[in-house]
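Here's the structure, in structure tokens; my notes come after.
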Amino acid sequence: MKNETLLSHFGKGLIQNNPVFVQVLGMCPTLAVTTSAVNGLAMGAATTFVLFFSAAIASLVNVIVPSQVRIPVYAVIIATFVTIADLILKAFFPPLSAALGPYVPLIVVNCMILGRIEAFATRNPILPSLADALGMGAGFTGALMVLGAIRELLGAGEIFGAVIFGSAYPPMLIMILPPGAFLVLGILMALFNHLQEKDIPILRKAG
Amino acid sequence: MKKMIIVLTTVAILSGTTLAIAYSAFLPLIQHNQKVALERSLGALFQQGESPEFSEIETDGPTIYQARAEGQVIGYAVRVVTTGYGGEIRLLVGIGPDLERITGMEVVEHVETPGLGGKINESSFQEQFEGLQPQQDISYVKGGDTQAKENSIEAISGATISTDAVVSGINKTLDSALPALTGRAGKGGE
């Protein structure tokens, strides 16, 4: 496997095939936890952790897993890593764990993870699978962080807890409430599609 | 058929083992974090210079901690669990040793909407409870004038449900906690 192709497996998740803006996967955490940039970052990192290790194992064991039971097998593998991620958050980052609440266990049903395992990891050797998982994870994390940063800035006047606008700015509460998630996501997706229409090489649609 | 069973069973066993190991590895840290969080909240309830020591009191009702500093009982902390807008709210109420005065309120855990009900976790809201009477019900008023009603706090605007959950939760819990404490408070002077 050439490095070039590994890099392209990694790169496609960032922009061309971004899980949030292009594939529209994992909408539940995307909409629910992006009330602040740090929440988006933490959720993205936890999801990437789960995707990375699940993809690694799925790619290694797919030859011995009978196809009739592959979904339960992968669900168990994913659930294992999700529980570990939850324990790590609780042990080392208690405030983040409290902020993300039930959404960490819900990574189990994040369709991006099962989607990447089914569509990529089980059909490819381990190295490309890991590159794909990291790329998708990074794309997901980036998208959640941008969404969280915009909502936090407009809704609370802060980014990563640092005051940007000061007290003169009346916070637009709606942005950190659920409607804000839909508004910002919709505008970002429109922007993303608009940019992809233009013929900028890095943004060109995959395939 | 046989292969399916073998693979699924193996995967389940491996996963269970991994989780058991991970859980026992992280458990001490997790419990430590919970203890630190609880102690921080407990400590914030009382303003004594010396950091008080807390011991749990056995009651049939709510969990109560007794706070001692330099051998003296300086008050009690009552654990309140109530249901707000987003889910369970866990908080602590500090009461003076004579049971005549609330010394503080601290939210330990909540899932209220940030910016609205989430304000129950702000000190400007929590400080309102200081000095209130634990013996009579606390009430809340909307839109400012807490002088108009005795023993009241100002509701968070836009978050009446969260305010009501906190206030009624405290009232309900104190109703059963105070009788349990009355006997002890009498002995407090020994």
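The values are calculated or read from the model by the stated rules, or taken from the named source; none is laboratory data. What you are looking at is a predicted structure, and each value in this text was computed from that prediction instead of being measured. When we count neighbours, we look across all protein chains shown, and the Cβ atoms used for this are built from the backbone with ideal geometry, even at glycine.
Structural remarks
- Residue in segment B:74-84 that is within 14 Å of chain A (Cβ to nearest Cβ), crowded, with 20+ Cβ neighbours inside 10 Å and either in contact (Cβ under 8 Å) with a residue 60 or more places away in the chain or not hydroxyl-bearing (Ser, Thr, Tyr) (or both) present: yes
- Yes/no for residue A:41 being assigned to a helix (DSSP H, G or I) and surrounded by fewer than 18 Cβ atoms within 10 Å (Cβ to Cβ): no
- Taken over segment A:52-68, the criterion of being buried (at least 16 other Cβ atoms within 10 Å of the Cβ) and either basic (Lys, Arg) or not in a loop (DSSP other than H, G, I, E, B) (or both) is satisfied by A:52, A:53, A:54, A:55, A:56, A:57, A:58, A:59, A:61.
- The listed residue being under 20 Å from residue B:168 (Cα atoms) and modelled with pLDDT of 90 or more, out of B:21, B:102, B:30: B:102
- Taken as a whole, segment A:165-174 holds at least one residue that is in a helix (DSSP H, G or I) and over 29 Å from residue A:59 (Cα atoms).
- Scanning segment A:49-80 for residues that are under 30 Å from residue A:159 (Cβ atoms) and either aromatic (Phe, Trp, Tyr) or at the interface with chain B (Cβ under 10 Å from one of its Cβ atoms) (or both) turns up A:49, A:52.
- Each residue in segment A:91-103 was checked for being surrounded by fewer than 20 Cβ atoms within 10 Å (Cβ to Cβ), free of Cβ contacts under 8 Å to residues at least 24 places away in the same chain and within 16 Å of residue B:34 (Cβ to Cβ), and 6 of them qualify.
- Scanning segment A:8-22 finds one or more residues that are surrounded by 18 or more Cβ atoms within 10 Å (Cβ to Cβ) and within 26 Å of residue B:15 (Cβ to Cβ).
- Qualifying residue in segment A:113-136 (condition: of a type in the set (Phe, Trp, Tyr), more than 14 Å from every other protein chain (Cβ to nearest Cβ), surrounded by fewer than 20 Cβ atoms within 10 Å (Cβ to Cβ) and touching a residue at least 12 places away in the same chain (Cβ under 8 Å)): no
- Residue match in segment B:7-24 (condition: within 7 Å of chain A (Cβ to nearest Cβ) and in contact with a Leu (Cβ under 7 Å, 6 or more places away or on another chain)): yes
- Every condition in (1) facing chain A (nearest Cβ under 9 Å); (2) out of contact with any helix residue (DSSP H, G or I) (no Cβ under 6 Å at 6 or more places or on another chain) holds for residue B:67 except the one numbered (1).
- Leading residue by the ranking (nearest to the other protein chains (Cβ to nearest Cβ)) among those in segment A:27-48 that are under 17 Å from residue A:85 (Cα atoms) and of a type in the set (S, T, N, Q): A:39
- Checking each residue in segment B:25-42 for being surrounded by fewer than 17 Cβ atoms within 10 Å (Cβ to Cβ) and more than 10 Å from every other protein chain (Cβ to nearest Cβ) picks out B:35, B:39, B:40.
- For residue B:160, the conditions (1) touching a residue at least 12 places away in the same chain (Cβ under 8 Å); (2) surrounded by 16 or more Cβ atoms within 10 Å (Cβ to Cβ) are fulfilled apart from (2).
The rows are residues; the columns are (1) touching a strand residue (DSSP E or B) at 6+ places or on another chain (Cβ under 8 Å); (2) closer than 30 Å to residue A:177 by Cβ; (3) at pLDDT 90 or above.
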position: B:34; (1), (2), (3): no, yes, no
position: B:53; (1), (2), (3): yes, no, no
position: B:74; (1), (2), (3): yes, no, no
position: B:93; (1), (2), (3): yes, yes, yes
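- Members of segment B:138-148 that are surrounded by 12 or more Cβ atoms within 10 Å (Cβ to Cβ) and in a loop (DSSP other than H, G, I, E, B): B:138, B:146
- Residue satisfying condition, being within 26 Å of residue B:69 (Cα to Cα), at pLDDT 90 or above and of a type outside the set (Asp, Glu), within set B:174, B:181: B:174
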